[in-house]
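Quick notes on the structure that follows.
Throughout, read-outs are computed from the coordinates displayed, never taken from laboratory work. Everything quoted here is computed from the prediction, not taken from an experiment. As a convention, Cβ positions derive from the backbone with ideal geometry for all residues, glycine included, and neighbour counts pool all protein chains shown.
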Amino acid sequence: MKLYWVSTEDHDEDWFMVASSSEEAARLHQDMEGYDPGEAIAEEIMDIPETLECEKGWPDKELLKALGAKYLHEGDARVVEIRGRTFSEGMLESYIREASDDEFETVGEERRNKTKRARRPQ
């Protein structure tokens, strides 16, 4: 098995994937995130040692750390450093949480997701 970095043109859901080939990693990402065939590109990052247990799909935090990953940020979008490279998770989820908090706030409720307001232009 190998660790891949999978990205799309919109970068909304970029993240790591465990698979046996770049084609499989891209296909898994497309299937799991709702992209059309051909929209994801997978870049091989490293071989996963056979001594580490893993399954195809998204790697968990423990696997990434076992592979030497350093979590630089774990908030709305994770930022991870592996082998001197920095990888930033796609931002769609954080935008959804922020929009939800904006809605809660407009009806007089607290920002349940604890996001900051007006982080990006409206």
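Listed from fewest to most Cβ neighbours within 10 Å, the set 58, 15 follows the order 58, 15. Cα-based radius of gyration for the chain, normalised by 2.2 N^0.38 Å, reads 1.20.
Summed over qualifying helices (DSSP H, 4 residues or more, each -39500 (n - 2.57)) and divided by its residue number, the chain shows a 222 nm mean residue ellipticity of -8000 deg cm²/dmol. Once the chain from residue 106 to residue 51 is taken as fully extended at 0.36 nm per residue, the excess over their C-alpha distance is 14.7 nm.
Ranking 22, 100 by Cβ neighbours within 10 Å, fewest first, what do you get? Show your work: numbers first, answer last.
Details: 22 17, 100 14.
Starting with the residue having the fewest Cβ neighbours, the order is 100, 22.
Can you give the longest run of the chain that contains no GluC sites (Glu not before Pro) sitting in a DSSP loop with at most 11 other Cβ atoms inside 10 Å? Could the numbers behind the result be given before it?
Numbers: sites that count: 9, 50, 53, 55, 74, 109, 110.
Counting at most 11 other Cβ atoms within 10 Å as exposed, the longest clean stretch of the chain is 10-49.
Annotated for the chain: lysine pairs at least 8 residues apart or interchain, Cα distance under 30 Å, count 13. Can you tell me the 0 to 90 degree angle between the C-alpha axis of helix 22-33 and the longest principal axis of the chain, rounded to 10? Roughly 30 degrees, rounded to the nearest 10.
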